[in-house]
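Trainee: The structure's right below; bear with me while I get my questions together.
The values are calculated or read from the model by the stated rules, or taken from the named source; none is laboratory data. Just so we're clear, the structure is a prediction, and the values are computed from it rather than from any experiment. As a convention, Cβ positions derive from the backbone with ideal geometry for all residues, glycine included, and neighbour counts pool all protein chains shown. With ligands, DNA and RNA removed, areas are computed over all heavy atoms of the protein, side chains included. Shrake-Rupley method; radii C 1.70, N 1.55, O 1.52, S 1.80 Å.
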Amino acid sequence: MNICKWAFFGVLCSAFFLTIGAVEHGRNQPTERISGSAGDVLEDDPVGRLKVFVYELPSKYNKKILQKDPRCLTHMFAAEIFMHRFLLSSPVRTLNPEEADWFYTPVYTTCDLTPNGLPLPFKSPRMMRSAIQLISSNWPYWNRTEGADHFFVVPHDFGACFHYQEEKAIERGILQLLQRATLVQTFGQRNHVCLKEGSITIPPYAPPQKMQTHLIPEKTPRSIFVYFRGLFYDVGNDPEGGYYARGARAAVWENFKDNPLFDISTEHPTTYYEDMQRAVFCLCPLGWAPWSPRLVEAVIFGCIPVIIADDIVLPFADAIPWEEIGVFIDEKDVPNLDTILTSIPIDLILRKQRLLANPSMKQAMLFPQPAQPGDTFHQVLNGLARKLPHDRSIYLKPGEKILNWTAGPVGDLKPW
């Protein structure tokens, strides 16, 4: 049995080293531009195509929350903070709400952190309701559409369902008062109650400056075939196992912990970013939610993302050809991961790497400070601009009401 096992690994290792040789040879090939309209969309300039009015809210909704816990600036949910900062100085901002195409309400709903740095979503619905009550009382613009020309950044695990566990997120559903608004969120999964039609799916925040400082020379060989660092089991929150990551991460560990082609571990070394740049494939499995910063990190470091999350909706899918740059594995096929990856033709691997090397691809995944053309901020604005002009049907008749202000769990209706 052992002889067969190692003979099998020998075949895989031979495939690996043949692949690595070609990949090393191809590392310095020219980048490849995304073909067709997708590439044009990625490079669009939104300036001049829309105007955004930023509501000035009391600081208790944003700045004071951040002052209490600066860790919010570095966690993967920080998009809401940096989007606010960007819009305040963006050329698309207008101080005249009468000429605005879109209205933005800056509420930092993920900046209530546990000692371990994880966001607690339990106050978020009340906080969001309070902010909407404020803007609907002090300005006329919410009431004329009940939010249909407003957008909100909701980077929680399951967006505006405001819970980190999927069952409870589904039970809650999207906050009633956000049903007509456009949601800008990291969560994306087809046919899911927490993703409403018309939402803009964005990447999670990953610190651009930190990643920049860990870049290694381009000629460094990619000597790791498959790389992953992270949890396989979440014993604290899922002691019986099987619920966390729908069992996909557990399947990776149980099937490949002893496979020499797989460099996988729960340990998070100081060389994590450097190791990703030495890898051909980087696993991006679902956790509690389908998304994680690993997708961003893989793109930035030119490591082909292996996406294990059924029905995931990826960031800016109308502009980024994810099928061409990544590898999608059904959760049920995780036990065959080694066979699938070693069967990918070398020329296809090289093409994926050329696409990943495209600077516009990397830029679209980042929230740089200051903002730069083509970055995530601009991709969000492009998404909003493509929704214009608004259909006249979004404007309500005098006295007309659609949203139910008293719907939802009783706890959400308490004052914030």
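Trainee: Between TYR243 and GLU323, 0.36 nm times their residue separation minus their Cα-Cα distance comes to what?
Mentor: Numbers: separation 80, 0.36 × 80 = 28.80 nm, distance 2.72 nm.
Here the segment from TYR243 to GLU323 would lengthen by 26.1 nm.
Trainee: Let me ask something else. Largest first, what is the accessible-area ranking of TRP139, TRP102, TRP291 with a 1.4 Å probe? Mind showing how you got there, number by number?
Mentor: Details: TRP139 60, TRP102 5, TRP291 30 Å².
Descending accessible area places them as TRP139, TRP291, TRP102.
Trainee: So, one more: For a protection proxy built on the mean count of beta-carbon atoms within 10 angstrom, sort 124-131, 268-275, 70-77 highest first, please.
Mentor: Result, highest mean Cβ count within 10 Å first: 124-131, 70-77, 268-275.
Trainee: Sticking with this structure for a sec: If contacts are Cα pairs under 8 angstrom and at least 6 residues apart, what is the relative contact order of region 109-224 in percent?
Mentor: Working: 140 pairs, mean separation 22.1, N = 116.
For region 109-224, the relative contact order is 19 percent.
Trainee: Same structure, new question: Suppose accessible area is computed on protein heavy atoms with a 1.4 Å probe; arrange LYS332, LYS64, LYS257 from highest to lowest.
Mentor: Values: LYS332 150, LYS64 115, LYS257 90 Å².
So the residues, ranked largest to smallest area, are LYS332, LYS64, LYS257.
Trainee: A further question on this structure: Given the Cα-Cα distance of ARG386 and THR74 and 0.36 nm per residue of separation, how much length would full extension add, in nm? Numbers along the way, then the final one.
Mentor: Numbers: separation 312, 0.36 × 312 = 112.32 nm, distance 3.01 nm.
That pair, ARG386 and THR74, stretches by 109.3 nm at full extension.
Trainee: Can I ask one more? Among ILE346, ILE312, ILE394, which one moves the most in a GNM of the chain with springs linking Cα atoms closer than 10 Å?
Mentor: Result for the chain, Cα springs under 10 Å: ILE394 fluctuates most.
Trainee: How large is ³J(HN,Hα), in whole Hz, for each residue of region 275-280 in order, when computed from phi with the Karplus curve 6.51 cos²θ - 1.76 cosθ + 1.60 and θ = phi - 60°, using x for Gly and Pro?
Mentor: Each residue's phi maps through the Karplus curve to give 4, 4, 6, 9, 9, 7 Hz.
Trainee: Let me ask something additional. With a 1.4 Å probe and all protein chains kept in place, how much accessible area does VAL313 have, in Å² rounded to the nearest 10?
Mentor: Roughly 40 Å² of VAL313 is accessible to a 1.4 Å probe.
Trainee: Roughly how much of GLU56 is accessible, in Å² to the nearest 10, using a 1.4 Å probe?
Mentor: For GLU56, solvent-accessible area is about 140 Å².
Trainee: Between GLY374, GLY48, GLY242, find the one with the highest GNM mean-square fluctuation for the chain; connect C-alpha pairs within less than 10 Å.
Mentor: Between GLY374, GLY48, GLY242, it is GLY48 that shows the largest mean-square fluctuation.
Trainee: A follow-up question, please. Taking Cα atoms, how many degrees apart are the long axis of helix 346-356 and the longest axis of the chain, rounded to 10 and kept between 0 and 90?
Mentor: 30
Trainee: For Cα pairs less than 8 Å apart in space and 6+ apart in sequence, what is the mean separation divided by the residue count of the chain, i.e. the relative contact order in percent? Can you show the working numbers first?
Mentor: On the way: 689 pairs, mean separation 88.6, N = 416.
So the answer I get is 21 percent.
Trainee: Quick one: accessible surface of TYR243, probe radius 1.4 Å, all protein chains present, in square angstrom to the nearest 10.
Mentor: Surface open to solvent at TYR243 totals about 80 Å².
Trainee: Can I ask one more? To the nearest 0.05, how large is the calculated FRET efficiency for LYS257 and SER393 if R₀ is 60 Å and r is the Cβ-Cβ distance? Each step should come with its number before you reach the end.
Mentor: On the way: r = 56 Å, r/R0 = 0.93.
After rounding to 0.05, the efficiency reads 0.60.
Trainee: What ³J(HN,Hα) values, in whole Hz, does the Karplus curve 6.51 cos²θ - 1.76 cosθ + 1.60 give for region 175-192 when θ = phi - 60°, with x put for Gly and Pro?
Mentor: 3, 3, 6, 9, 5, 9, 7, 8, 9, 9, 9, 7, 6, x, 8, 4, 6, 10
Trainee: What are the principal axis extents of the Cα atoms in region 35-137, in Å, biggest first?
Mentor: The Cα atoms of region 35-137 stretch 46, 39, 21 Å along the principal axes, largest first.
Trainee: Run the paramagnetic zone check for ASP234: 7 angstrom along Cα to Cβ, then residues of region 147-167 with backbone nitrogen under 12 Å.
Mentor: Only 157-158, 163-167 fall inside the zone, counting backbone N under 12 Å.
Trainee: Where the centroid of each part is defined by its Cα atoms, how far is region 206-245 from region 266-296 in Å?
Mentor: So the separation of the two Cα centres works out to 2 Å.
Trainee: Still on this model: Out of all DSSP beta bridges with both ends in the chain, state the antiparallel percent to the nearest 5.
Mentor: Values: 2 of 27 bridges.
In the chain, DSSP labels about 5 percent of beta bridges as antiparallel.
Trainee: OK, next. Viscosity 1.567 mPa s, temperature 4 °C: give me the Stokes-Einstein translational D for region 98-234 in µm²/s, with Rh taken as the Kirkwood radius over C-alpha pairs.
Mentor: On the way: Rh = 17.4 Å.
For the chosen part, D equals 75 µm²/s.
Trainee: Further question on the same structure: Does anything in region 86-123 have its amide N under 11 Å from the 7 Å Cα→Cβ label point of GLN369, and if so which residues?
Mentor: Of the residues in region 86-123, 86 have backbone N under 11 Å from the label point off GLN369.
Trainee: Also, quick follow-up: Measuring from label point to label point, each 7 Å out along Cα→Cβ, what is the LYS401 to LYS332 span in nm?
Mentor: Between LYS401 and LYS332, the simple spin-label model gives 4.7 nm.
Trainee: Here is a follow-up. Could you give P(r) for the chain, binned at 10 Å from zero, as whole percent values over all Cα-Cα pairs?
Mentor: In whole percents, the pair-distance histogram is 4, 21, 31, 24, 13, 5, 1, 0.
Trainee: Residue separation times 0.36 nm, minus the C-alpha to C-alpha distance between TRP416 and ASP311: what's the value?
Mentor: 34.3 nm
Trainee: Still on this structure: State, to one decimal in nm, how far the label point of LYS123 lies from the label point of ARG351, with both points 7 Å from Cα in the Cβ direction.
Mentor: Distance between the two pseudo-spin positions: 5.1 nm.
Trainee: Here's something else I'd like to know. Show which lysines lie in cross-link reach of LYS352 when reach means a straight Cα distance below 22 angstrom and same-chain residues fewer than eight apart are skipped.
Mentor: LYS219, LYS362
Trainee: Starting at the first residue of region 285-293, write each ³J(HN,Hα) from the Karplus equation 6.51 cos²θ - 1.76 cosθ + 1.60 with θ = phi - 60°, in whole Hz, x for Gly and Pro.
Mentor: x, 5, x, 5, 10, x, 9, 7, x
Trainee: Still on this structure, I have one more. Using only Cα atoms, tell me the angle between helix 376-385 and the longest principal axis of the chain; keep it within 0 to 90° and round to the nearest 10.
Mentor: The angle comes out at about 50 degrees.
Trainee: Calculate, for GLU167 and LYS219, the FRET efficiency according to 1/(1 + (r/R0)^6) with r their C-beta to C-beta distance and R0 51 Å; round to the nearest 0.05. Write down the numbers at each step before the final one.
Mentor: Working: r = 48 Å, r/R0 = 0.94.
So, using R0 = 51 Å, E works out to roughly 0.60.
Trainee: Right, here's the next one. For each pair in LYS68/LYS210; LYS68/LYS123; LYS63/LYS123; LYS64/LYS401, compute the distance between the two Cα atoms and list the pairs where it is over 26 Å.
Mentor: Pairs exceeding 26 Å: LYS64/LYS401.
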